[in-house]
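Student: Following this message is one structure expressed as structure tokens.
The values are calculated or read from the model by the stated rules, or taken from the named source; none is laboratory data. Predicted model, so just to flag it, every value in this text is computed and none were measured. Here the Cβ is made from the backbone with ideal geometry for all residues, glycine too, and neighbour counts use every protein chain on show. With ligands, DNA and RNA removed, areas are computed over all heavy atoms of the protein, side chains included. Shrake-Rupley method; radii C 1.70, N 1.55, O 1.52, S 1.80 Å.
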Protein chains: 2
Amino acid sequence: MERAILEGVMKLLEEGVPLAELSIERVARTAGVGKATIYRRWSGKEELFVDVIRAAEPPDPELPGTSLRDDLVALLESMRQRGLVSRSSLILHDVYAQMKSSPKVWAAYHAAVIVPRRVLAFDVLRRAQQNGELRPDVDLELANDMFVGPMLVRSVMRPEVDLPEGLAEQIVDMVLEGLRPVRSTAS
Amino acid sequence: MERAILEGVMKLLEEGVPLAELSIERVARTAGVGKATIYRRWSGKEELFVDVIRAAEPPDPELPGTSLRDDLVALLESMRQRGLVSRSSLILHDVYAQMKSSPKVWAAYHAAVIVPRRVLAFDVLRRAQQNGELRPDVDLELANDMFVGPMLVRSVMRPEVDLPEGLAEQIVDMVLEGLRPVRSTAS
């Protein structure tokens with residue numbers, strides 16, 4: 001039932017119906033269910049819409065928990081996968097753009113998707129700081145932007161640039177080790 | 001004369017005239033000049049508009065040329081200043097948003113402003129790689145995203161986050177030195 005409703009919304013989006021014209025009534029008609037059925041599961045159009053996006057996005061990453069590097073690579077690799085899906089799926093790409101110009105939908109997506117991902121990333125960084133894998137004086141909020149920033153710039157702001165395999169590993173290693181030449185330790 | 005025309009456009013924007021309705025004719029009327037005067041200086045509305053934005057933005061940075069760190073700090077500090085201006089000026093903020101939804105104006109801004117800034121940053125990074133200030137194996141395009149990414153994420157994508165003084169220095173030092181704990185060299 002839930003599946004049919006989510007697919008109904010996707011069908012309407014594929015037909016080019018703009019987000020602003022997607023009413024619960026229209027979704028109910030397309031999915032062949034009553035409006036009450038939709039309202040039993042979702043409190044409103046915004047929440048329903050966020051679930052449609054989540055169903056189209058790659059799943060959230062499983063963190064291996066073996067090291068700071070492995071966890072960060074898993075987090076950034078999942079951002080890269082989302083970037084690739086959003087580039088290859090014209091509908092998803094369009095949906096992101098529409099979402100950002102609708103404050104209510106964006107707020108719902110932010111609360112349901114972005115905040116939990118940030119919490120996950122902060123847990124990883126905090127644990128690493130306690131373990132001694134991360135410098136003790138590093139501000140965690142800034143550290144998070146250091147890892148996430150380069151991937152976001154590429155996937156969101158510069159759609160003409162590649163998102164090659166191995167990019168997550170490259171970014172994580174560059175941020176952890178720094179860009180200065182390695183000093184000889186044989187002094 | 002040029003000044004009067006740029007101020008005329010700014011005045012119309014302040015009055016809330018959307019970019020799409022800003023015709024050369026209307027600008028000419030507001031500035032009290034003939035259309036031919038405008039066309040002698042600008043090939044079209046897009047080029048004129050880009051100059052209006054540039055006049056409202058902080059000037060491009062002067063690079064000290066003393067070290068990789070100093071040059072990168074100057075580049076990032078100028079991004080921070082632009083971020084602060086765009087946050088404090090409601091008009092400029094609105095203009096950026098409108099610009100991004102107008103492909104022709106965005107292309108003109110990209111060619112006139114963003115490309116030269118990228119060229120400048122690449123010159124700095126290339127020189128540092130030749131000097132040995134930057135690891136020889138680092139891909140310069142990715143290195144650029146490593147410095148620019150965290151500042152862009154903060155100034156553009158997360159308007160609720162601070163852009164404190166010293167942020168440029170912090171980012172540059174973190175990227176250059178890495179986030180791993182410093183290993184004792186007294187081994």
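Student: If the requirement is being over 19 Å from A:Val148 (Cβ atoms) and not acidic (Asp, Glu), which of these qualifies: B:Arg154, B:Arg127? Working first, answer last.
Tutor: Values: B:Arg154 fails: over 19 Å from A:Val148 (Cβ atoms).
Unique residue meeting the criteria: B:Arg127.
Student: A follow-up question, please. Name the residue, out of A:Arg180, A:Arg127, that is over 18 Å from A:Gly83 (Cβ atoms), more than 10 Å from chain B (Cβ to nearest Cβ), charged (D, E, K, R) and open to solvent by 10 Å² or more (accessible area, probe 1.4 Å).
Tutor: A:Arg127
Student: Residues in segment B:141-157: is at least one open to solvent by 30 Å² or more (accessible area, probe 1.4 Å), more than 7 Å from every other protein chain (Cβ to nearest Cβ) and within 21 Å of A:Ala128 (Cα to Cα)?
Tutor: Within segment B:141-157, none of the residues are open to solvent by 30 Å² or more (accessible area, probe 1.4 Å), more than 7 Å from every other protein chain (Cβ to nearest Cβ) and within 21 Å of A:Ala128 (Cα to Cα).
Student: Sort out which residues of segment A:7-32 are open to solvent by 30 Å² or more (accessible area, probe 1.4 Å) and not basic (Lys, Arg), and write them in order of number.
Tutor: A:Glu7, A:Met10, A:Glu14, A:Glu15, A:Gly16, A:Pro18, A:Ala20, A:Glu21, A:Ser23, A:Glu25, A:Thr30, A:Gly32
So that you can scan it fast, the table gives a plain yes or no per residue for (1) surrounded by fewer than 17 Cβ atoms within 10 Å (Cβ to Cβ); (2) under 28 Å from A:Met157 (Cβ atoms):
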position: B:Glu2; (1), (2): yes, no
position: B:Tyr39; (1), (2): yes, no
position: B:Val52; (1), (2): no, yes
position: B:Glu62; (1), (2): yes, yes
position: B:Ala74; (1), (2): no, yes
position: B:Ser78; (1), (2): no, yes
position: B:Ala97; (1), (2): yes, yes
position: B:Lys104; (1), (2): yes, yes
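Student: How many residues are free of Cβ contacts under 8 Å to residues at least 24 places away in the same chain and assigned to a loop (DSSP other than H, G, I, E, B) when one looks only at segment A:9-68?
Tutor: 14
Student: Being in contact (Cβ under 8 Å) with a residue 60 or more places away in the chain, open to solvent by 30 Å² or more (accessible area, probe 1.4 Å) and touching a Pro at 6+ places or on another chain (Cβ under 8 Å), is that true of even one residue in segment B:168-177?
Tutor: Within segment B:168-177, none of the residues are in contact (Cβ under 8 Å) with a residue 60 or more places away in the chain, open to solvent by 30 Å² or more (accessible area, probe 1.4 Å) and touching a Pro at 6+ places or on another chain (Cβ under 8 Å).
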